[in-house]
Structure formats: C-alpha cells, structure tokens
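The values are calculated or read from the model by the stated rules, or taken from the named source; none is laboratory data. These numbers come from a predicted model, not from an experiment. All Cβ positions, even for glycine, are placed from backbone atoms using ideal geometry, and neighbour counts span all protein chains on display.
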Amino acid sequence: MAKAKQSPVAVLMGSDSDLSTMESCIKQLKEFGIDPIVRILSAHRTPAAACDFAANAAGNGVKVIIAAAGMAAHLAGAMAAHSQLPVIGVPMQAKEGPCGLDALLSTVQMPPGMPVGTMAIGKAGAKNAAVFALQILALSDAGLARILSDFRAAQTEKALKKDAELGS
Ligand code: RP5
C-alpha cells in the first residue's frame with residue numbers, strides 16, 4: 001500500500017462540490033510552502049473514515065486540521081470531537097439550501113469546551129483558513145513566521161499602492 005502523504009496541515013471537505021471554493025485555501029497554503037493533505041471526508045456520509053482520520057491525525061504529523069462543509073455542517077465539529085489538534089472550520093455555501101448561514105451556524109455554535117475556530121463563509125474563509133493555519137504553525141517555526149510577516153507586509157504594500165493610485 002502507498003505511504004499516506006504527510007503534512008502539518010490537512011484540508012478536509014465534506015464533498016467534492018466544496019473543492020472549487022477550497023482551492024483558495026489549498027492555493028494559499030502552497031504559496032506559503034505548505035503542501036497540505038487534501039481529503040473528501042464527510043461527518044454524515046463517511047463518518048467512520050472521518051473519525052478515523054481525526055483520531056490518527058496527530059500521530060501522522062498533522063498539526064492543524066482545516067474542515068470545510070456546507071448545509072448541516074458537522075465535519076469540523078466531528079474533527080474536534082476526535083482530535084486535540086486545533087480545528088479551523090470553513091462554512092460552505094452549498095448548491096442547495098440558504099446562503100451558507102446554515103453552515104456558519106452549524107460550524108461556529110460548538111458547545112463550551114469543544115471549540116472550532118470558524119472562518120467566514122466561502123472563498124474568503126477558505127483563504128483565511130490557510131492564513132490562520134500559518135499563524136498557528138508560525139508560533140513554533142521561525143521560517144514560517146518570516147513567511148507570515150512577508151505575506152502581511154506585501155498585503156499592506158498592495159493596499160497602500162491602491163490608495164496612492166486614487167491620487168487624492
Ligand atoms: C455537505 O453537504 C458538503 O460539505 C457540501 O457542502 C454539502 C452538499 O454536498 P453535495 O450534495 O454537493 O455532495 O456535507
């Protein structure tokens with residue numbers, strides 16, 4: 001059997017229909033030099049595989065789990081239930097159902113003692129999940145801390161340039 005991919009970051013999503021949105025997260029992580037594990041695992045459709053992933057994640061070298069799901073979004077919560085790793089939840093706007101608020105509330109409203117760090121709905125949240133994962137990893141990795149400060153400096157410079165271009 002092929003050896004499973006190793007990475008400090010796992011990007012999980014409930015369905016392949018979430019992938020186009022989560023590409024923003026995967027792309028941003030790769031720009032940071034982090035090639036994440038990417039899996040489709042569902043709290044509802046593949047509960048045993050999802051729980052198994054969470055239970056073994058830390059032992060397999062994962063340090064942060066990013067979990068995206070839409071509708072009654074329970075993937076991030078299920079990961080938190082089965083792992084002590086920090087879990088970042090990204091609510092998806094599914095094809096069916098309301099504008100992603102369903103998933104936002106399902107992801108963010110965790111019971112006391114069992115947190116999921118919840119991002120914004122959709123692509124903005126997907127990108128922020130990558131940045132937030134980097135922030136967590138940068139606490140104990142000087143190289144990643146430099147990547148984080150370069151990213152923030154470039155972002156600031158870009159915004160200042162746009163302001164200057166307005167010329168007023
Ligand atoms: C969730 O249900 C998935 O995360 C997805 O956002 C939503 C709809 O899934 P599909 O019916 O598109 O596979 O579990």
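Please give the strands (runs of 3 or more DSSP E) falling wholly within the stretch 7-101 in which 3 or more residues are crowded, with 19+ Cβ neighbours inside 10 Å and within 16 Å of the ligand (Cβ to nearest atom). Spell out how you get there, then give the answer.
Values: elements: 9-13, 37-40, 64-70, 87-92.
The strands (runs of 3 or more DSSP E) meeting that bar are 9-13, 64-70, 87-92.
Can Gln155 be described as within 14 Å of the chain's Cα centre (by Cα) and more than 21 Å from Leu41 (Cβ to Cβ)?
On the way: within 14 Å of the chain's Cα centre (by Cα): no; more than 21 Å from Leu41 (Cβ to Cβ): yes.
The answer is no for Gln155.
Name the residue, out of Met114, Met71, Met92, Met110, that is under 14 Å from the mean Cα position of the chain (by Cα) and either free of Cβ contacts under 8 Å to residues at least 24 places away in the same chain or under 24 Å from Thr46 (Cα atoms) (or both).
Met92
Would you mind stating whether Asp163 is under 20 Å from Val9 (Cα atoms), modelled with pLDDT of 95 or more and acidic (Asp, Glu)? So that I can check it myself, show each step before the final result.
Values: under 20 Å from Val9 (Cα atoms): no; modelled with pLDDT of 95 or more: yes; acidic (Asp, Glu): yes.
Judged against the criteria, Asp163 is not a match.
Let's see how each residue does on (1) under 29 Å from Ser149 (Cβ atoms); (2) touching a Lys or Arg at 6+ places or on another chain (Cβ under 7 Å):
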residue	(1), (2)
Leu12	yes, yes
Ala58	yes, no
Val87	yes, no
Lys95	no, no
Pro98	no, no
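A quick yes/no check of all residues on (1) free of Cβ contacts under 8 Å to residues at least 60 places away in the same chain; (2) closer than 12 Å to Ala133 by Cβ; (3) not hydrophobic (A, V, I, L, M, F, W, C):
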site	(1), (2), (3)
Lys5	yes, no, yes
Thr21	no, no, yes
Leu41	yes, no, no
Arg45	yes, no, yes
Ala49	yes, no, no
Phe53	yes, no, no
Val64	no, yes, no
Leu75	no, no, no
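Run down Gly113, Gly125 and say which single residue is modelled with pLDDT of 95 or more, farther than 16 Å from Asp18 by Cα and not polar (S, T, N, Q). It would help to see each step written out before you state the result.
Working: Gly125 fails: farther than 16 Å from Asp18 by Cα.
Selected residue: Gly113, the only one of Gly113, Gly125 that is modelled with pLDDT of 95 or more, farther than 16 Å from Asp18 by Cα and not polar (S, T, N, Q).
Would you pick out the residues in the stretch 122-140 that are part of a helix (DSSP H, G or I) and either among the acidic types (Asp, Glu) or closer than 16 Å to Gly70 by Cα (or both)? Even if it seems obvious, please write down each step before you answer.
In the first step, residues of the stretch 122-140 are kept if they are part of a helix (DSSP H, G or I); the result is 123-138.
Within the stretch 122-140, Lys123, Ala124, Gly125, Ala126, Ala129 meet the criteria.
Have a look at Ala124, Ala133, Ala129, Ala145 and point out the one that is surrounded by 10 or more Cβ atoms within 10 Å (Cβ to Cβ) and touching a Cys at 6+ places or on another chain (Cβ under 6 Å). Before you say what the answer is, go through the steps one by one.
On the way: Ala124 fails: touching a Cys at 6+ places or on another chain (Cβ under 6 Å); Ala133 fails: touching a Cys at 6+ places or on another chain (Cβ under 6 Å); Ala145 fails: touching a Cys at 6+ places or on another chain (Cβ under 6 Å).
Answer to the selection: Ala129.
Could you list, in sequence order, the residues of the stretch 144-168 that are of a type outside the set (D, E, K, R), at negative phi and free of Cβ contacts under 8 Å to residues at least 12 places away in the same chain? Can you show your working first?
Of all residues in the stretch 144-168, those of a type outside the set (D, E, K, R) come to 144-145, 147-149, 151, 153-156, 159-160, 164, 166-168.
Subsequent filtering for residues that are at negative phi retains 144-145, 147-149, 151, 153-156, 159-160, 164, 166, 168.
Hits for the stretch 144-168 are Ala145, Ser149, Ala153, Ala154, Gln155, Thr156, Ala159, Leu160, Ala164, Leu166, Ser168.
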